[in-house]
């Protein structure tokens with residue numbers, strides 16, 4: 001013992017990640033060590049770090065872990081409801097932070113820019129959601145709104161609400177977005193019809209509908225890029 005403190009090698013496994021964070025900073029910790037801090041403690045036969053390593057090995061990566069429900073997490077021995085809730089909440093905060101960083105007055109110059117904004121929000125959902133990005137004269141995003149949330153097969157969109165929000169936000173243009181949980185990119189007939197209706201309404205109200213982008217976990221489909229507009 002030196003200076004009244006035990007050497008790190010003498011710390012318990014559960015203390016190491018917290019102490020390491022304090023002494024060396026967050027960048028020095030592995031994913032398993034950060035997860036262990038959330039978990040707080042392991043069991044008699046397994047440290048929090050070992051438990052975290054087991055969870056990460058099973059889920060393969062953080063994206064997959066972020067999709068796990070509370071009930072799925074609780075299937076790991078050593079993870080009760082409170083620990084599962086902490087993990088889900090922390091990963092959701094991280095997802096929201098990424099989404100916020102991406103959208104801050106980002107100028108839309110391509111369909112890829114739309115994908116970059118919306119993929120963290122809807123790309124990995126098990127159900128379909130319809131969103132609208134509202135843009136100013138410089139094609140910078142000033143707001144985004146979820147219009148509807150549905151099942152695996154589709155959603156219903158209120159066209160009047162689209163333009164009510166556009167006018168409230170002072171938007172001069174908008175981009176339609178929705179996800180396909182199936183992973184398929186081809187637009188359905190319903191996708192094409194709602195796009196045509198919204199575009200027609202936009203022409204009347206002088207709010208340009210610039211694109212409709214379908215989002216999946218790793219790919220996207222742009223109506224403009226595919227020549228549908």
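The values are calculated or read from the model by the stated rules, or taken from the named source; none is laboratory data. Just so you know, these numbers come straight off a predicted model, no measurement behind them. Because the Cβ atoms are built from the backbone with ideal geometry, glycine has one as well, and the counts that use them run over all protein chains shown.
Would you confirm whether or not segment 154-175 contains a residue that is within 16 Å of residue 228 (Cβ to Cβ) and in contact with a strand residue (DSSP E or B) (Cβ under 7 Å, 6 or more places away or on another chain)?
Restricting attention to segment 154-175, the residues satisfying the condition of being within 16 Å of residue 228 (Cβ to Cβ) are 175.
From what's left, in contact with a strand residue (DSSP E or B) (Cβ under 7 Å, 6 or more places away or on another chain): 175.
Yes, the conditions are met somewhere in segment 154-175.
One residue is enough: does segment 181-192 have a residue meeting the conditions surrounded by fewer than 19 Cβ atoms within 10 Å (Cβ to Cβ) and either assigned to a strand (DSSP E or B) or assigned by TED's automatic domain parsing to the domain that holds residue 67 (or both)?
There is no residue in segment 181-192 that is surrounded by fewer than 19 Cβ atoms within 10 Å (Cβ to Cβ) and either assigned to a strand (DSSP E or B) or assigned by TED's automatic domain parsing to the domain that holds residue 67 (or both).
With 87, 108 as the choices, which residue is crowded, with 17+ Cβ neighbours inside 10 Å, more than 11 Å from residue 179 (Cβ to Cβ), at pLDDT 90 or above and over 18 Å from the mean Cα position of the chain (by Cα)?
On the way: 87 fails: over 18 Å from the mean Cα position of the chain (by Cα).
Just one listed residue meets the conditions, 108.
In segment 14-37, how many are in contact with a helix residue (DSSP H, G or I) (Cβ under 8 Å, 6 or more places away or on another chain) and not in a helix (DSSP H, G or I)? Before the answer, list the steps.
In the first step, residues of segment 14-37 are kept if they are in contact with a helix residue (DSSP H, G or I) (Cβ under 8 Å, 6 or more places away or on another chain); the result is 14, 16-21, 26, 28-29, 31-37.
Going one step further and asking which of them are not in a helix (DSSP H, G or I), we end up with 14, 29.
The number of residues fulfilling the criteria is 2.
Taking segment 42-78, which residues are farther than 22 Å from residue 95 by Cα, modelled with pLDDT under 85 and surrounded by fewer than 14 Cβ atoms within 10 Å (Cβ to Cβ)?
43, 44, 45
Which count do you get for residues in segment 149-179 that are touching a residue at least 12 places away in the same chain (Cβ under 8 Å), farther than 21 Å from residue 107 by Cα and out of contact with any helix residue (DSSP H, G or I) (no Cβ under 9 Å at 6 or more places or on another chain)?
Adding up the residues that qualify gives 7.
Could you please give the count of residues in segment 105-122 that are touching a helix residue (DSSP H, G or I) at 6+ places or on another chain (Cβ under 8 Å) and touching a residue at least 60 places away in the same chain (Cβ under 8 Å)? It would help to see each step written out before you state the result.
Going residue by residue through segment 105-122, those that are touching a helix residue (DSSP H, G or I) at 6+ places or on another chain (Cβ under 8 Å) are 106-108, 116-117, 120-121.
Now narrow it down to the ones that are touching a residue at least 60 places away in the same chain (Cβ under 8 Å): 108.
Number satisfying all stated conditions: 1.
Suppose we filter 147, 165, 174, 135 for residues that are surrounded by 15 or more Cβ atoms within 10 Å (Cβ to Cβ), under 19 Å from the mean Cα position of the chain (by Cα) and assigned by TED's automatic domain parsing to the domain that holds residue 199; which single one remains?
On the way: 165 fails: under 19 Å from the mean Cα position of the chain (by Cα); 174 fails: under 19 Å from the mean Cα position of the chain (by Cα); 135 fails: under 19 Å from the mean Cα position of the chain (by Cα).
Testing whether each residue is surrounded by 15 or more Cβ atoms within 10 Å (Cβ to Cβ), under 19 Å from the mean Cα position of the chain (by Cα) and assigned by TED's automatic domain parsing to the domain that holds residue 199 leaves just 147.
(1) surrounded by fewer than 16 Cβ atoms within 10 Å (Cβ to Cβ); (2) within 22 Å of the chain's Cα centre (by Cα): which one isn't true of residue 222, the others all being true?
Exception for residue 222: condition (1).
Of the residues that make up segment 208-229, is at least one in a loop (DSSP other than H, G, I, E, B) and without any contact (Cβ under 8 Å) to a residue 24 or more places away in the chain? Let's see the steps before the verdict.
Our first condition is that a residue be in a loop (DSSP other than H, G, I, E, B); within segment 208-229, this holds for 216-219, 223-229.
Filter again for without any contact (Cβ under 8 Å) to a residue 24 or more places away in the chain, leaving 226-227.
Yes, segment 208-229 contains a residue that is in a loop (DSSP other than H, G, I, E, B) and without any contact (Cβ under 8 Å) to a residue 24 or more places away in the chain.
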